[in-house]
Amino acid sequence: MVEQVRRFNRVVTERVGALNDHFLGRERPLGEARLLWEIGPEGCEVRILRARLGLDSGYLSRLLRSLEAAGLVTVAAGAYDRRVRVAHLTAAGRRERAALDRLSDEFARSLLAPLTAKQRERLVAAMHEVERLLSAANVQITSLDPEHTDAQHCLREYFAELNRRSQRGFDPTVGATALPHEVRPPDGEFFVAYLYGEAVGCGAVKHHADAPAEIKRMWIAPKARRLGLGRRLLERLETCARAGGAQVAHLETSAVLIEALSLYRSTGWVEVPAFNEEPFADHWLEKSLT
(Lines give C-alpha, C1' and ligand atoms only; values in the text may rest on other atoms or scores of the structure.)
Protein backbone atom coordinates (compact mmCIF):
# COMPACT_ATOMS: atom_id res chain seq x y z
CA MET A 1 0.00 0.00 0.00
CA VAL A 2 2.84 2.39 0.82
CA GLU A 3 4.50 1.68 -2.53
CA GLN A 4 1.23 2.35 -4.37
CA VAL A 5 0.84 5.69 -2.58
CA ARG A 6 4.39 6.68 -3.47
CA ARG A 7 3.93 5.60 -7.10
CA PHE A 8 0.69 7.62 -7.30
CA ASN A 9 2.46 10.67 -5.86
CA ARG A 10 5.24 10.41 -8.45
CA VAL A 11 2.78 10.16 -11.34
CA VAL A 12 0.67 13.08 -10.15
CA THR A 13 3.54 15.46 -9.34
CA GLU A 14 5.08 14.85 -12.77
CA ARG A 15 1.79 15.04 -14.68
CA VAL A 16 0.49 18.27 -13.10
CA GLY A 17 3.82 20.06 -13.50
CA ALA A 18 4.73 20.33 -9.84
CA LEU A 19 8.40 19.78 -10.74
CA ASN A 20 8.49 22.66 -13.24
CA ASP A 21 9.63 26.14 -12.22
CA HIS A 22 7.29 27.56 -14.88
CA PHE A 23 3.92 26.08 -13.91
CA LEU A 24 1.48 26.12 -16.87
CA GLY A 25 4.09 28.06 -18.85
CA ARG A 26 3.98 31.09 -16.55
CA GLU A 27 6.88 32.77 -14.75
CA ARG A 28 6.42 31.07 -11.38
CA PRO A 29 6.34 27.58 -9.82
CA LEU A 30 3.25 25.72 -8.64
CA GLY A 31 3.58 26.93 -5.03
CA GLU A 32 3.28 30.60 -5.96
CA ALA A 33 0.49 29.90 -8.45
CA ARG A 34 -1.50 28.00 -5.84
CA LEU A 35 -1.02 30.82 -3.34
CA LEU A 36 -2.45 33.33 -5.82
CA TRP A 37 -5.49 31.12 -6.25
CA GLU A 38 -5.99 30.71 -2.48
CA ILE A 39 -5.72 34.44 -1.76
CA GLY A 40 -8.58 34.96 -4.18
CA PRO A 41 -10.34 38.16 -5.23
CA GLU A 42 -11.43 38.99 -1.66
CA GLY A 43 -8.02 38.53 -0.04
CA CYS A 44 -7.16 36.15 2.79
CA GLU A 45 -5.55 36.28 6.22
CA VAL A 46 -1.99 34.96 6.22
CA ARG A 47 -2.70 32.64 9.17
CA ILE A 48 -5.58 31.05 7.23
CA LEU A 49 -3.38 30.56 4.18
CA ARG A 50 -0.77 28.89 6.37
CA ALA A 51 -3.31 26.50 7.90
CA ARG A 52 -5.17 25.79 4.67
CA LEU A 53 -2.02 24.94 2.71
CA GLY A 54 -0.10 23.31 5.56
CA LEU A 55 2.91 25.62 5.14
CA ASP A 56 5.36 26.72 7.80
CA SER A 57 5.61 30.45 8.47
CA GLY A 58 9.06 30.84 6.93
CA TYR A 59 8.22 29.21 3.60
CA LEU A 60 4.90 31.06 3.31
CA SER A 61 6.66 34.36 3.98
CA ARG A 62 9.17 33.64 1.21
CA LEU A 63 6.36 32.87 -1.24
CA LEU A 64 4.51 36.05 -0.33
CA ARG A 65 7.67 38.18 -0.62
CA SER A 66 8.29 36.75 -4.09
CA LEU A 67 4.73 37.57 -5.18
CA GLU A 68 5.02 41.05 -3.65
CA ALA A 69 8.27 41.67 -5.53
CA ALA A 70 6.49 40.68 -8.74
CA GLY A 71 3.76 43.23 -8.02
CA LEU A 72 1.05 40.59 -7.74
CA VAL A 73 0.28 40.73 -4.00
CA THR A 74 0.24 43.18 -1.11
CA VAL A 75 0.37 42.15 2.55
CA ALA A 76 -0.88 44.59 5.18
CA ALA A 77 -2.46 44.76 8.61
CA GLY A 78 -6.16 43.91 8.80
CA ALA A 79 -8.73 46.68 8.73
CA TYR A 80 -10.33 45.60 12.02
CA ASP A 81 -7.39 44.05 13.82
CA ARG A 82 -3.91 45.47 13.21
CA ARG A 83 -2.34 42.29 14.58
CA VAL A 84 -3.77 40.27 11.69
CA ARG A 85 -1.87 40.26 8.37
CA VAL A 86 -3.99 40.04 5.23
CA ALA A 87 -2.84 39.26 1.69
CA HIS A 88 -4.62 40.92 -1.26
CA LEU A 89 -4.17 40.55 -5.00
CA THR A 90 -3.16 43.64 -6.92
CA ALA A 91 -4.75 44.39 -10.30
CA ALA A 92 -1.83 42.52 -11.91
CA GLY A 93 -2.36 39.66 -9.44
CA ARG A 94 -6.02 39.39 -10.42
CA ARG A 95 -5.08 39.25 -14.09
CA GLU A 96 -2.47 36.59 -13.37
CA ARG A 97 -4.96 34.53 -11.37
CA ALA A 98 -7.48 34.74 -14.22
CA ALA A 99 -4.81 33.56 -16.67
CA LEU A 100 -3.92 30.67 -14.37
CA ASP A 101 -7.59 29.70 -14.15
CA ARG A 102 -7.88 29.66 -17.94
CA LEU A 103 -4.68 27.64 -18.38
CA SER A 104 -5.71 25.22 -15.61
CA ASP A 105 -8.99 24.55 -17.42
CA GLU A 106 -7.10 23.91 -20.65
CA PHE A 107 -4.70 21.58 -18.86
CA ALA A 108 -7.58 19.63 -17.31
CA ARG A 109 -9.13 19.18 -20.75
CA SER A 110 -5.78 17.97 -22.09
CA LEU A 111 -5.72 15.25 -19.41
CA LEU A 112 -9.16 14.03 -20.43
CA ALA A 113 -8.86 14.41 -24.22
CA PRO A 114 -6.84 11.23 -25.00
CA LEU A 115 -9.27 9.02 -23.06
CA THR A 116 -12.49 7.40 -24.16
CA ALA A 117 -15.78 8.62 -22.67
CA LYS A 118 -15.82 5.63 -20.32
CA GLN A 119 -12.24 6.23 -19.24
CA ARG A 120 -13.00 9.89 -18.55
CA GLU A 121 -15.89 8.91 -16.30
CA ARG A 122 -13.67 6.44 -14.44
CA LEU A 123 -10.85 8.97 -14.02
CA VAL A 124 -13.12 11.77 -12.76
CA ALA A 125 -14.90 9.39 -10.36
CA ALA A 126 -11.54 8.15 -9.06
CA MET A 127 -10.32 11.73 -8.60
CA HIS A 128 -13.44 12.57 -6.63
CA GLU A 129 -12.90 9.57 -4.37
CA VAL A 130 -9.22 10.38 -3.85
CA GLU A 131 -10.10 14.01 -3.01
CA ARG A 132 -12.72 12.85 -0.51
CA LEU A 133 -10.41 10.37 1.21
CA LEU A 134 -7.44 12.73 1.34
CA SER A 135 -9.68 15.40 2.85
CA ALA A 136 -10.83 12.89 5.46
CA ALA A 137 -7.21 12.07 6.26
CA ASN A 138 -6.51 15.78 6.85
CA VAL A 139 -9.13 16.14 9.58
CA GLN A 140 -7.77 16.73 13.08
CA ILE A 141 -9.85 16.53 16.25
CA THR A 142 -8.57 18.65 19.12
CA SER A 143 -9.65 19.16 22.72
CA LEU A 144 -10.38 22.86 23.32
CA ASP A 145 -11.82 25.07 26.01
CA PRO A 146 -15.57 25.46 25.26
CA GLU A 147 -15.20 29.25 25.26
CA HIS A 148 -12.40 29.21 22.67
CA THR A 149 -13.22 31.23 19.55
CA ASP A 150 -13.38 28.14 17.33
CA ALA A 151 -15.57 26.26 19.81
CA GLN A 152 -17.98 29.19 19.99
CA HIS A 153 -18.04 29.47 16.19
CA CYS A 154 -19.05 25.82 15.85
CA LEU A 155 -21.75 26.17 18.51
CA ARG A 156 -23.23 29.23 16.80
CA GLU A 157 -23.35 27.37 13.49
CA TYR A 158 -24.88 24.33 15.18
CA PHE A 159 -27.64 26.35 16.88
CA ALA A 160 -28.34 28.24 13.64
CA GLU A 161 -28.75 24.97 11.74
CA LEU A 162 -31.11 23.60 14.37
CA ASN A 163 -33.27 26.71 14.08
CA ARG A 164 -33.23 26.57 10.27
CA ARG A 165 -34.33 22.95 10.19
CA SER A 166 -36.92 22.98 12.95
CA GLN A 167 -40.08 24.95 13.67
CA ARG A 168 -39.20 24.82 17.36
CA GLY A 169 -36.83 27.51 18.58
CA PHE A 170 -33.73 25.96 20.15
CA ASP A 171 -32.55 27.50 23.42
CA PRO A 172 -29.24 26.03 24.66
CA THR A 173 -29.78 27.44 28.15
CA VAL A 174 -32.81 25.26 28.92
CA GLY A 175 -33.30 21.52 29.11
CA ALA A 176 -30.24 19.27 28.99
CA THR A 177 -27.58 21.97 29.01
CA ALA A 178 -23.91 21.83 28.08
CA LEU A 179 -22.69 25.04 29.63
CA PRO A 180 -18.96 25.81 29.50
CA HIS A 181 -18.25 24.71 33.07
CA GLU A 182 -20.12 21.43 32.41
CA VAL A 183 -17.91 20.42 29.47
CA ARG A 184 -14.57 21.62 30.81
CA PRO A 185 -12.18 19.21 32.61
CA PRO A 186 -12.63 17.58 35.02
CA ASP A 187 -16.42 17.75 34.57
CA GLY A 188 -16.30 17.14 30.84
CA GLU A 189 -14.43 17.89 27.64
CA PHE A 190 -15.08 19.83 24.42
CA PHE A 191 -13.67 18.85 21.03
CA VAL A 192 -13.33 20.74 17.74
CA ALA A 193 -12.66 19.12 14.36
CA TYR A 194 -10.45 20.97 11.87
CA LEU A 195 -10.19 20.52 8.12
CA TYR A 196 -7.29 22.41 6.50
CA GLY A 197 -7.13 24.62 9.59
CA GLU A 198 -10.84 25.51 9.57
CA ALA A 199 -13.15 24.53 12.43
CA VAL A 200 -15.79 22.27 10.83
CA GLY A 201 -17.26 20.28 13.70
CA CYS A 202 -17.61 19.93 17.42
CA GLY A 203 -18.84 17.68 20.19
CA ALA A 204 -18.72 17.50 23.97
CA VAL A 205 -18.89 15.04 26.84
CA LYS A 206 -20.36 15.57 30.29
CA HIS A 207 -18.97 13.20 32.92
CA HIS A 208 -21.11 12.01 35.83
CA ALA A 209 -19.93 9.97 38.79
CA ASP A 210 -21.74 6.61 38.94
CA ALA A 211 -24.08 7.62 36.10
CA PRO A 212 -24.04 7.52 32.29
CA ALA A 213 -21.91 10.12 30.53
CA GLU A 214 -23.69 12.51 28.18
CA ILE A 215 -22.69 13.17 24.56
CA LYS A 216 -23.58 16.77 23.72
CA ARG A 217 -23.45 19.38 20.94
CA MET A 218 -22.26 17.08 18.18
CA TRP A 219 -22.24 18.92 14.86
CA ILE A 220 -20.47 18.69 11.48
CA ALA A 221 -20.44 21.57 8.98
CA PRO A 222 -22.23 20.75 5.70
CA LYS A 223 -18.99 21.19 3.73
CA ALA A 224 -17.30 18.47 5.82
CA ARG A 225 -20.04 15.86 5.65
CA ARG A 226 -19.69 12.55 3.80
CA LEU A 227 -16.04 12.33 4.87
CA GLY A 228 -16.61 9.89 7.71
CA LEU A 229 -15.93 12.73 10.14
CA GLY A 230 -19.15 12.22 12.10
CA ARG A 231 -18.21 8.64 12.88
CA ARG A 232 -14.66 9.62 13.88
CA LEU A 233 -15.88 12.41 16.12
CA LEU A 234 -18.45 10.18 17.76
CA GLU A 235 -15.78 7.54 18.44
CA ARG A 236 -13.59 10.24 20.03
CA LEU A 237 -16.48 11.33 22.28
CA GLU A 238 -17.23 7.74 23.28
CA THR A 239 -13.55 7.18 24.08
CA CYS A 240 -13.56 10.31 26.23
CA ALA A 241 -16.68 9.13 28.08
CA ARG A 242 -15.11 5.72 28.66
CA ALA A 243 -11.87 7.28 29.91
CA GLY A 244 -13.93 9.29 32.37
CA GLY A 245 -15.15 6.06 33.95
CA ALA A 246 -18.56 5.72 32.27
CA GLN A 247 -19.84 2.29 31.32
CA VAL A 248 -22.86 3.73 29.49
CA ALA A 249 -23.38 6.92 27.48
CA HIS A 250 -26.55 8.84 26.76
CA LEU A 251 -27.51 11.31 24.08
CA GLU A 252 -30.70 12.90 22.82
CA THR A 253 -31.46 14.33 19.38
CA SER A 254 -34.15 15.96 17.31
CA ALA A 255 -36.11 14.18 14.59
CA VAL A 256 -35.03 16.87 12.10
CA LEU A 257 -31.39 15.73 12.40
CA ILE A 258 -31.94 12.73 10.16
CA GLU A 259 -28.27 12.23 9.32
CA ALA A 260 -27.22 12.25 12.97
CA LEU A 261 -29.94 9.80 13.94
CA SER A 262 -28.86 7.43 11.16
CA LEU A 263 -25.23 7.65 12.35
CA TYR A 264 -26.16 6.86 15.94
CA ARG A 265 -28.26 3.86 14.98
CA SER A 266 -25.55 2.49 12.70
CA THR A 267 -22.91 2.68 15.45
CA GLY A 268 -24.69 0.71 18.14
CA TRP A 269 -26.81 3.34 19.85
CA VAL A 270 -30.29 2.11 20.80
CA GLU A 271 -33.42 4.08 21.59
CA VAL A 272 -34.59 4.11 25.19
CA PRO A 273 -37.33 5.92 27.13
CA ALA A 274 -36.69 9.62 27.74
CA PHE A 275 -34.11 10.09 30.50
CA ASN A 276 -34.37 13.90 30.71
CA GLU A 277 -36.79 16.69 29.90
CA GLU A 278 -34.99 18.18 26.90
CA PRO A 279 -37.79 20.06 25.08
CA PHE A 280 -36.03 19.95 21.70
CA ALA A 281 -35.46 16.16 21.70
CA ASP A 282 -37.55 13.52 19.97
CA HIS A 283 -35.22 10.56 20.41
CA TRP A 284 -33.24 9.42 23.45
CA LEU A 285 -30.44 6.92 22.88
CA GLU A 286 -28.04 4.85 24.93
CA LYS A 287 -24.87 2.87 24.26
CA SER A 288 -22.84 0.48 26.36
CA LEU A 289 -19.17 1.47 26.47
CA THR A 290 -17.85 -1.74 28.01
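The values are calculated or read from the model by the stated rules, or taken from the named source; none is laboratory data. Values in this document were obtained by computation on a predicted structure and should not be read as measured data. We place every Cβ from the backbone using ideal geometry, glycine too, and count neighbours over all the protein chains shown. Note: areas computed on protein heavy atoms with side chains; ligands, DNA, RNA excluded. Shrake-Rupley method; radii C 1.70, N 1.55, O 1.52, S 1.80 Å.
Structural remarks
- Contact order, relative form, for the stretch 63-162: 13 percent (alpha carbon pairs under 8 Å, 6 or more residues apart, mean separation divided by residue count).
- Taking all Cα pairs closer than 8 Å and separated by 6 or more residues, the relative contact order of the chain comes to 12 percent.
- Diffusion constant of the stretch 5-113 at 20 °C, which comes from Stokes-Einstein with the Kirkwood Cα-pair radius and 1.002 mPa s, µm²/s: 144 µm²/s
- Virtual paramagnetic centre 7 Å along Cα→Cβ of H153, amide N under 14 Å, in the stretch 198-238: 198-202, 221-224
- Distance between the stretch 131-157 and the stretch 42-61 - C-alpha centres, whole angstrom: 18 Å
- When the chain is treated as a Gaussian network with alpha carbon springs shorter than 10 Å, the biggest mean-square fluctuation among V192, V73, V174 belongs to V174.
- Computed over the stretch 163-290, Cα set: Rg, Dmax in Å: 13.9, 40
- Rounded Å value of the spacing that divides the Cα centres of the stretch 214-246 and the stretch 82-110: 37 Å
- Applying 0.36 nm per residue to the separation of E42 and R232 and subtracting their alpha-carbon distance, the gain on full extension is 65.1 nm.
- Under the shape rule built on the C-alpha gyration tensor, where the axes satisfy a ≥ b ≥ c, the stretch 110-219 is prolate, since a/c reaches at least 1.5 and a/b is greater than b/c.
- Eligible lysines near K216 by straight Cα distance, threshold 27 Å, same-chain separation 8 or greater: K206, K287
- Sites S266 and D21 - FRET efficiency at Förster radius 41 Å, r taken between beta-carbons, to 0.05: 0.25
- For the stretch 46-188, the pair-distance distribution built from all alpha carbon pairs, in bins 10 Å wide starting at 0, is 8, 19, 24, 27, 16, 6, 0 percent.
- The chain, accessible surface, carbon-and-sulfur percent (1.4 angstrom probe): 54 percent
- Annotation: per residue accessible area for the chain equals 58 Å², rounded to a whole number [probe 1.4 Å, protein chains only].
- Lone cysteines, the chain (no partner Cβ under 4.7 Å): C44, C240
- Multiplying the residue separation of S166 and V12 by 0.36 nm and subtracting their alpha-carbon distance yields 50.9 nm.
- Using the Cβ-Cβ distance between E198 and A117 with R0 = 35 Å, the FRET efficiency computed as 1/(1 + (r/R0)^6) comes to roughly 0.45.
- Take the Cα radius of gyration of the stretch 202-249 and divide it by 2.2 N^0.38 Å, N being the number of residues; the result is 1.22.
- Highest average packing first - 93-102, 118-127, 240-249, Cβ atoms within 10 Å: 240-249, 93-102, 118-127
- Every helix of 4 or more DSSP H residues in the chain counts as -39500 (n - 2.57), and over all residues that averages to -14500 deg cm²/dmol at 222 nm.
- Distribution of pairwise C-alpha distances over the chain, 10 Å bins, in %: 6, 21, 26, 20, 17, 9, 1
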